[in-house]
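What follows is calculated from the coordinates using simple rules that are stated; it is not laboratory data. Not measured: the values here are computed from a predicted model. Every residue, glycine as well, gets a Cβ built from its backbone with ideal geometry; the counts of neighbours run over all protein chains shown.
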Amino acid sequence: MATNIVAGAARTAALIFVLTGCAQGEVRFGKNVYVGGHDFSHQTFDRNHRAVVHLYDHEPRNAGCRMRADKAGGSVKTCHLRRLR
């Protein structure tokens with residue numbers, strides 16, 4: 001009986017999570033923040049200003065970062081970077 005209650009509660013919690021979607025938030029990078037060995041210090045990302053970082057083990061064809069507009073009116077910073085080891 002107790003396992004049925006726990007399983008039902010878990011299913012209910014999962015359903016609530018799926019219906020409400022992911023949590024919205026803002027990420028603020030402070031001092032000395034590195035992604036794949038590249039400096040991302042003092043940058044803020046939220047739902048209107050997003051970042052997409054692609055890390056490669058080899059030199060990417062289109063290396064570097066570019067700011068582009070998305071369809072919702074925000075901006076997306078797209079980075080193609082080589083992983084520094």
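Worth a mention:
- ³J(HN,Hα) computed for each position of the stretch 60-66 - Karplus, 6.51 cos²θ - 1.76 cosθ + 1.60, integer Hz, glycine/proline x: x, 5, 10, 5, x, 10, 9
- Antiparallel DSSP beta bridges within the stretch 25-85, percent to nearest 5: 55 percent
- Distant alpha-carbon pairs in the stretch 25-85 (separation over 17 angstrom), percent: 44 percent
- In this structure, the amide hydrogen of PHE40, modeled 1.01 Å from its nitrogen in the peptide plane, lies closer than 5 angstrom to those of VAL33, TYR34, VAL35, counting only residues at least 5 positions away or on a different chain.
- The calculated FRET efficiency for the pair VAL33 and ASP57, based on their C-beta separation and a Förster distance of 25 Å, comes to about 0.70.
- As a rough guide to protection, the peptides 63-76, 45-58 ranked by mean Cβ packing within 10 Å, highest first, stand as 45-58, 63-76.
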